[in-house]
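Below you'll find the structure, written out as structure tokens, and then a few comments.
The values are calculated or read from the model by the stated rules, or taken from the named source; none is laboratory data. Small disclaimer: the values here were computed from a predicted structure and weren't measured. For neighbour counting, all protein chains shown are included, and Cβ atoms are generated from backbone atoms with ideal geometry for every residue, glycine included.
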Amino acid sequence: MSDLLANLAQFFEMVRYPAGSALCLVGAILCVIGTIGVMRFPDFYTRMHAASITDTSGATVILIGMALMAPGWLIVAKLVTIFWLLFLTSPAASHAVVNAAHTAGLQPLIGRIGKKTDDEEGAA
Amino acid sequence: MAYFLGLLFALVAFWIGMSGHFEPLLLGLGVLSLVLTLILAYRLDILDREGAPYVRLIGFAMYFPWLMKEIVKANWTVIRACLRAELDIAPTLVKLKTICTSDLAKVTFANSITLTPGTVTVEIDGDKLLVHGLYEQDSQPEAFLEMDRRSARAIDGKGAAA
């Protein structure tokens, strides 16, 4: 049993740097995807949705990757604190921005955008 | 008293997690700042269920994995929407009625909606929420019923949820 545990610990030591780096890379790619969405979506409200990829999954995956590469439990504790801070503040910030836009009277685009309207244009 | 103990425990865990030193000097400074924080919190009168919501931690711990699962699922939808060659979205505004009674539960529900990519809470007024969704078919009021029920149960307790 202790042999197996030692093997597992060794395996973890060997694997955590590549896995952590890979997760950081995945997180970075998710952030880029969020940015692409912000560029492509048509109006303010839909752009907020694309931005929320960056602060939920992007940040979380990067933090998990960093936690895997952390040298000790203290760093993990700090990363968990950062995660909680992001988890609690990012929806509040998104809500504040969207609510401000709504209060200022910005009208969202409603209805299907893209494929279907193109077809209708083609049919007309 | 429970709120006081919850805040005390959270602050001790936070200090030790941040410093990681156990020398008398740093522990003494920690105790000093802890006492100061607790006195200030008491004088500000914020030792209530919103200022120290640690009593509901177990309910929230049950809710958290489900919320994470929903966030991952919704992320996948929005990532596909971002990367699709032809833009194909159907933004919509939905009005919801929540069964959450306390402010804390409403905040949890609204924050859960905002955290899930593809839906943002635009406005809260009483027990009515205005939600902006990226896909009309995914953000009908029925789609939020389970999240509403779960966050009400997590924060308001079993008695409050229907």
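Just name the residue that is farthest from the other protein chains (Cβ to nearest Cβ) out of those in region A:1-47 that are more than 19 Å from B:Ile89 (Cβ to Cβ) and β-branched (Val, Ile, Thr).
Selected residue: A:Val15.
Does region B:100-116 hold any residues that are outside any helix (DSSP H, G or I) and either modelled with pLDDT of 85 or more or among the charged types (D, E, K, R) (or both), and which are they?
B:Thr116
Can you tell me which residue among B:Val120, B:Val107, B:Val94 is closer than 28 Å to A:Ile29 by Cα and either among the acidic types (Asp, Glu) or surrounded by 14 or more Cβ atoms within 10 Å (Cβ to Cβ) (or both)?
Answer to the selection: B:Val120.
I'm checking my understanding of the structure. Among residues of region B:2-57 that are of a type in the set (D, E, K, R) and part of a helix (DSSP H, G or I), which one is surrounded by the fewest Cβ atoms within 10 Å (Cβ to Cβ)?
B:Arg43
Considering A:Ala59, A:Ala50, which residue is under 14 Å from the mean Cα position of the chain (by Cα), part of a helix (DSSP H, G or I), surrounded by 14 or more Cβ atoms within 10 Å (Cβ to Cβ) and within 9 Å of chain B (Cβ to nearest Cβ)?
It is A:Ala50.
Considering each residue of region A:62-74, count those that are part of a helix (DSSP H, G or I) and either free of Cβ contacts under 8 Å to residues at least 12 places away in the same chain or small (Gly, Ala, Ser) (or both), and give that number.
4
Which of the residues that make up region A:32-47 are surrounded by fewer than 19 Cβ atoms within 10 Å (Cβ to Cβ) and either in a helix (DSSP H, G or I) or in contact with a strand residue (DSSP E or B) (Cβ under 7 Å, 6 or more places away or on another chain) (or both)?
Residues satisfying the conditions are A:Val32, A:Thr35, A:Ile36, A:Val38, A:Met39, A:Arg40, A:Pro42, A:Phe44, A:Arg47.
Restrict the check to region B:113-136 and report whether at least one residue is more than 13 Å from chain A (Cβ to nearest Cβ), of a type outside the set (D, E, K, R) and over 30 Å from A:Val38 (Cα atoms).
yes
Looking at B:Ala81, B:Ala152, B:Ala61, which one is in a helix (DSSP H, G or I), under 15 Å from the mean Cα position of the chain (by Cα) and crowded, with 22+ Cβ neighbours inside 10 Å?
Answer to the selection: B:Ala152.
Listed residues A:Ala100, A:Ala77; which is in contact with a Gly (Cβ under 9 Å, 6 or more places away or on another chain) and part of a helix (DSSP H, G or I)?
A:Ala77
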